[in-house]
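Here's the structure, in structure tokens; my notes come after.
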Amino acid sequence: MKSAKVQGHTIACLLLLLLGLPGTASAQRDKDDEPTAILNFIILKEDNGKPVRNAAVIMHPVNNHGKQGRGGLELKTDANGKTSFDGIPYGKLRVQVLASGFQTFGEDYEVNQGKMEFTVRLKRPQGQYSIYDDHSAEKKDEKKDDKKDDKAPPPPPANTKPQ
């Protein structure tokens, strides 16, 4: 009797195992079948349009809630400011560009085509604003601009006919 129960239990376990394997294999196959894209990046200086060499282009996946996923990939630009990667899965991607002497760039993109190209123009750092600095010259310039805007256009001469 015991051997019949053990055999029945063993057969049931084997059936469950066999039924579970195709689901696992199809899940792995689906992930492998996800479309991927080739991404090309061109990193330029905003002020003169020249390429930025050795800039770090960092890519992170982003979930549906806008939260950055774990992991990521870092690329470096060549002498022409270019870098690329083949095999990025479709979906949201957070791209950050870091380069010495430039402001950090960051933007989220939707990867939805087989080949995409991104041109990033990096800005030079701006000076910090301090309340302790003398900004009187800036205030004078602002007042001049305000006065120009406050002036109403002169009325038309009285001897002209309306159009």
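The values are calculated or read from the model by the stated rules, or taken from the named source; none is laboratory data. Source: prediction; values computed, not measured. Cβ sites come from the backbone with ideal geometry, for glycine too, and all protein chains shown count toward neighbours.
Scan the range 110-125 and give yes if some residue there is of a type outside the set (A, V, I, L, M), at positive phi and outside any strand (DSSP E or B), otherwise no. Scanning the range 110-125 turns up no residue that is of a type outside the set (A, V, I, L, M), at positive phi and outside any strand (DSSP E or B). For the range 104-126, a residue qualifies if it is in contact with an Asp or Glu (Cβ under 9 Å, 6 or more places away or on another chain) and not basic (Lys, Arg), and the qualifying residues are 118, 120, 122.
Cβ-Cβ under 9 Å, sequence separation 6+ or interchain: first residue in the range 63-80 and closer than 13 Å to residue 108 by Cα and in a loop (DSSP other than H, G, I, E, B), partner modelled with pLDDT under 85 and not basic (Lys, Arg). Which pairs? The qualifying pairs are 63/69. Residue 103 meets all of the listed conditions (1) in a loop (DSSP other than H, G, I, E, B); (2) of a type in the set (S, T, N, Q); (3) exposed (fewer than 13 other Cβ atoms within 10 Å of the Cβ) but one, namely (3). The set of residues in the range 81-100 that are buried (at least 17 other Cβ atoms within 10 Å of the Cβ) and in contact with a Pro (Cβ under 6 Å, 6 or more places away or on another chain) contains only 81.
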